[in-house]
């Protein structure tokens, strides 16, 4: 082979390799930081870029998507001196790749450590029981603190989530007993409340029944009294009417008074005879035998009527 042709081929191959090495394709949601002779020159976005061979180089490749990092479990001491093991997840996103590259050596490690220290501080402010209730507040406090500290690093912390809070076995056993006792207490209270309501309902039923019976008895007696009063009134009216008719008949009929005197005398003698028959001893007043006086008094009464 001609030496000149061989040299040309070598040169062409070197040029092609150099051009290939100088071409850079940046994927979507990525950022490449270019240094020229060791100094930051530019940040390359998504697309095709041509670098100066042997002078420019890609120093950092940063992912601009939101990422979740696992915050390792750690032991925290609560306000009431209970040691709990807590772990969580930290969500963050690079907003300034230059600061994330030159502002800190490893922003992922730094954010994770800062989240751990902040978590210990927040757990130390609360009693054990409140740590389960205040998860949202703890998450918000850690997120705000880490986001404030990571701002110079070009990192935005979007949220923090506590994954588990694990108390010691002895505390878990005590909590289980406490919850069991609380459940039994609520069951006893509910049962007693039901029994109380049942007794109230039964008493109310007895009361209503007694009221209804007394009202019925009252109405019954009112009705009976009204009936007896009406009966007495009607009997009295009928008796008065009969006596009035008899008196009118005696007054208007010739010989009526004589007939009446005879009838009264007969009845008087008959009744007196009955008394004498029923008892061997009869106590009478001094004027019992005065039949004429008795008849005269009855006649005078009828005339007045």
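Tally the residues that are farther than 30 Å from residue 130 by Cβ and either assigned by TED's automatic domain parsing to the domain that holds residue 111 or in contact with a strand residue (DSSP E or B) (Cβ under 9 Å, 6 or more places away or on another chain) (or both), restricting the search to the stretch 29-84. Let's see the steps before the verdict.
First, the residues of the stretch 29-84 that are farther than 30 Å from residue 130 by Cβ: 29-67.
Next cut, either assigned by TED's automatic domain parsing to the domain that holds residue 111 or in contact with a strand residue (DSSP E or B) (Cβ under 9 Å, 6 or more places away or on another chain) (or both) only: 29-38, 40-52, 55-67.
Residues that pass the stated criteria total 36.
Which ranges mark the helices (runs of 4 or more DSSP H) fully within the stretch 77-155 that have 1 or more residues being over 28 Å from residue 61 (Cα atoms)?
Filter on the stretch 77-155 gives 107-123, 128-133, 135-150.
Being modelled with pLDDT of 90 or more and surrounded by fewer than 15 Cβ atoms within 10 Å (Cβ to Cβ) is true for just one of 61, 36. Which residue is that?
Numbers: 36 fails: modelled with pLDDT of 90 or more.
It is 61.
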The residue that is farthest from residue 94 (Cα to Cα), considering only those in the stretch 113-127 that are surrounded by fewer than 19 Cβ atoms within 10 Å (Cβ to Cβ) and in contact (Cβ under 8 Å) with a residue 40 or more places away in the chain, is 127
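Report whether or not residue 125 is assigned by TED's automatic domain parsing to the domain that holds residue 99 and within 33 Å of the chain's Cα centre (by Cα). Even if it seems obvious, please write down each step before you answer.
Values: assigned by TED's automatic domain parsing to the domain that holds residue 99: yes; within 33 Å of the chain's Cα centre (by Cα): yes.
So residue 125 passes the test.
Do we find that residue 86 is over 14 Å from residue 156 (Cβ atoms), in contact (Cβ under 8 Å) with a residue 24 or more places away in the chain and crowded, with 18+ Cβ neighbours inside 10 Å in this structure?
Spelling it out, residue 86 is indeed over 14 Å from residue 156 (Cβ atoms), in contact (Cβ under 8 Å) with a residue 24 or more places away in the chain and crowded, with 18+ Cβ neighbours inside 10 Å.
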Looking at (1) surrounded by 11 or more Cβ atoms within 10 Å (Cβ to Cβ); (2) modelled with pLDDT of 85 or more, which is the only condition residue 48 fails?
(1)
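For the stretch 1-28, enumerate the residues that are modelled with pLDDT of 90 or more and surrounded by 10 or more Cβ atoms within 10 Å (Cβ to Cβ). Full working, then the answer.
The first filter runs over the stretch 1-28 and keeps only residues modelled with pLDDT of 90 or more, leaving 27-28.
Passing the criteria: only 27.
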All but one of (1) modelled with pLDDT of 85 or more; (2) at positive phi hold for residue 206; state the number of the condition that does not hold.
(2)
Working only within the stretch 156-194, note down all residues that are touching a helix residue (DSSP H, G or I) at 6+ places or on another chain (Cβ under 6 Å) and assigned to a helix (DSSP H, G or I).
none
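The values are calculated or read from the model by the stated rules, or taken from the named source; none is laboratory data. Just so you know, these numbers come straight off a predicted model, no measurement behind them. Here Cβ is always computed from backbone atoms with ideal geometry, including for glycine, and neighbour counts include all displayed protein chains.
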